[in-house]
Amino acid sequence: MTPEPATPGPSSGWTMTDLLSVDDLRITFNPPAGPVRAVRGVSLDVRHGEILGVAGESGCGKSVLFRALLGMVPPSATVTGSLRLDGASLGMDGSLQAVAALIQQNPGAALNPVFTIGRQLHLVARTDDPAVLADLLAQAGLADAPRLLDAYPHELSGGMLQRSVIALALARRPRLLIADEPTTALDATTQAQVLDLLGELRARHGLTVILISHDLAVIRRLCDRVVVLYAGRVAEAGATADVLDAPGHPYTQALLESIPRPAVAGRELASIPGLIPDGRRPIAGCAFAPRCPHVREDCRSGQPEPRPLHPGHTVACVLMEPPP
Amino acid sequence: MVPGARTRIERGGRGGASLRRLAMSSLVILGVVTITFAVSRLVPSDPASLYAGARARPEQVERVREDLNLGAPVMSQYVSYLGELARGDLGVSFATKRPIAEDLRRFLPATLELALSATALAVLIGIPAGVMAADRAHRLRAVGIRLLAVTSVSMPVFWSALFLQLFVASKLEWLPLAGRIDPGTHFATPTGFFLIDSVLSGSPSNFLDVVSHLILPVLVMAAYPLGLTIRLVRSAMLEVLASDHIEAARVAQVPWRTVLWRLALKNALLPALTVLGLTFAYSVSSAFLVEALFAWPGLGKYFADAILRVDLPVISAAVLTVTVVYVSVNLVLDLLQIRLDPRVVLS
């Protein structure tokens, strides 16, 4: 199912295979204390029928990026850039909501606690036909669907809740599922089941899925391509196998080294020294430079632009360029 | 989500929760009865001489002591007091020698009519206004409502009452100045609630007379609970509107009206409900001032007179009445909360 890397990689403009194309997206929050640049020029493409992983540590801007595309950032935030759906320009005013559904991180909070699952499905699906509603739950892998329609969220387990959330997401027949850390709040067994379900839904309905996750193991398991974000910019993007097996960006390399592995049990877990940069301060040069083991003199001046490592795999790092 | 929640529901269920609340309420009332009884026996004044009057001779006082069974051991007095209460006998006023239960039947409906109307007004206007005040889609309207809320919370009762009486009643002569009905109006009052009685009388002019007398005191009494309700509902709504499930509903393009008035409001009502009970209690206890200003023949003046005369049985009855009203209102709210919130099963 891995699509052919037909384009030199993300940020190359719309091509026939793209469902969604984001160009130079910038998001700035404007609290009284001063502007916070959460996303600082992200371009990426989402292809028809693929599962695109979006990776990065907390605070790198991955959640807010897609909330902005959905028109869900507060009106006080400044959003610039362009969004295209099937090649046609689309406003970031919520227009994307017509074709996209959002699956949130915490299924316990994503459902309204004082309405039954059936009632919530009814409001979103705009039908109260119990057969249709039960079918949505069944598609999300919930066996005892008719009984669950009358259940309240607090009566369900975490896995059942996340499946109900997925059923709600399916209710409006979306083309695109945006799953924001959909398995973070779940235990390991349920995680695997929910990930398999997302894969099945893509196969069965031809859905396109964006999987936002800080967990590279989750992304490796499910995604065709991956975009690694750092400090509101794309650090690296490409086919999952390429990026995770032969990472070109020092940040991706560091992320991969900090995955706990049973094979090296007993050895201290690697972590990336330092913290992500403060979005309130302007960043000169590469945002990862202060934490980078390969930092060079020219890293501090000028932001590195994405360059192809090989077709379909881009890296935004000066290491890609010859030393000055 | 919460592991304990499910097992508790299986054990008690919503019916069990309601029964527990009912039992708790009865216990509270029994506790208050016991305390008022104890206090009436502990105060440094002799009930017998209070009853007999200031100029009674010692042997008259002794006869009263025997009549009222005040010489008996305190425990047996307590038991017979409980027995009388159970039969609906609240005793006799020391000052007027009238049965207190009869007085209450006359004054309680007048006060309840006022307090219930005021609370109903506060809730019926306050909840929708609170929702609108939290609606960022209509910023100007929201600001206007918040201004109204602050004004009505901060206006003292005596000031608003006098202002309305001066302006609306005296100057414009749109509404009557005071009282429950015109002196010339007469109809049977089987319930004591004039709104109901006037409807039962079958004459629209009686009903209009009652309503026109109610408007000003109800407005005055409703102001504080109204402002409070608006502010409570607004802050509860703002909190709910920031939650994940509302974001989910918005992304799913559920119409904003539905999000606001159904999905969010049902969540926001829960925290607001608890405090609404307190505003009703406020109405009952603040009734005295409003009743005094509008010459409203209710409990406020009756109880205030009793306190000034150290009329112990009436004071006990007053405490008991307020307790029963308070406990009943909170019971109703608790039961409502159990209905509204599937998660509430408190032990």
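The values are calculated or read from the model by the stated rules, or taken from the named source; none is laboratory data. None of these values were measured; they are calculated from a predicted model. Neighbour counts run over all protein chains shown; Cβ positions are idealised from the backbone, glycine included.
Remarks
- Selection within the stretch B:165-189 - part of a helix (DSSP H, G or I) and out of contact with any Pro (no Cβ under 9 Å at 6 or more places or on another chain): B:Gln165, B:Leu166, B:Phe167, B:Val168, B:Ser170, B:Lys171
- Of all residues in the stretch B:236-258, those being free of Cβ contacts under 8 Å to residues at least 24 places away in the same chain, assigned to a helix (DSSP H, G or I) and more than 9 Å from every other protein chain (Cβ to nearest Cβ) number 1.
- Elements of type helices (runs of 4 or more DSSP H) in the stretch B:265-347, at least 3 residues being aliphatic (A, V, I, L, M) and surrounded by 19 or more Cβ atoms within 10 Å (Cβ to Cβ): B:265-285, B:287-293, B:312-340
- Within the stretch B:102-131, being out of contact with any Gly (no Cβ under 6 Å at 6 or more places or on another chain) and farther than 30 Å from B:Ala236 by Cα holds for B:Glu102, B:Asp103, B:Leu104, B:Arg105, B:Arg106, B:Leu108.
The rows are residues; the columns are (1) of a type in the set (D, E, K, R); (2) farther than 17 Å from A:Ala179 by Cα; (3) modelled with pLDDT under 90.
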site: A:Gly9; (1), (2), (3): no, yes, yes
site: A:Thr15; (1), (2), (3): no, yes, yes
site: A:Arg26; (1), (2), (3): yes, yes, no
site: A:His48; (1), (2), (3): no, no, no
site: A:Ile51; (1), (2), (3): no, no, no
site: A:Glu57; (1), (2), (3): yes, no, yes
site: A:Phe66; (1), (2), (3): no, no, no
site: A:Leu69; (1), (2), (3): no, no, no
site: A:Val79; (1), (2), (3): no, yes, no
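- From the options B:Val211, B:Val218, residue that is modelled with pLDDT under 95, touching a helix residue (DSSP H, G or I) at 6+ places or on another chain (Cβ under 6 Å) and more than 14 Å from chain A (Cβ to nearest Cβ): B:Val218
- For A:Leu177, the stated conditions do not hold, so it cannot be described as crowded, with 18+ Cβ neighbours inside 10 Å, closer than 21 Å to A:Leu20 by Cα and away from every other protein chain (no Cβ under 14 Å).
- Test: A:Leu256 is modelled with pLDDT under 90 and surrounded by 13 or more Cβ atoms within 10 Å (Cβ to Cβ): yes
- Any hit, the stretch B:273-288, residues being touching a helix residue (DSSP H, G or I) at 6+ places or on another chain (Cβ under 8 Å) and within 14 Å of chain A (Cβ to nearest Cβ): yes
- Pairs where the first residue, in the stretch A:178-200, is farther than 14 Å from A:Ile103 by Cα and the second is among the hydrophobic types (A, V, I, L, M, F, W, C) and part of a helix (DSSP H, G or I), C-beta under 6 Å, 6+ apart: A:Gly199/A:Leu222
- Of the residues making up the stretch B:112-162, just one is of a type in the set (Phe, Trp, Tyr) and touching a residue at least 60 places away in the same chain (Cβ under 8 Å), namely B:Phe158.
- Within the stretch B:1-114, helices (runs of 4 or more DSSP H) holding 2 or more residues that are modelled with pLDDT of 90 or more and under 24 Å from the mean Cα position of the chain (by Cα): B:3-42
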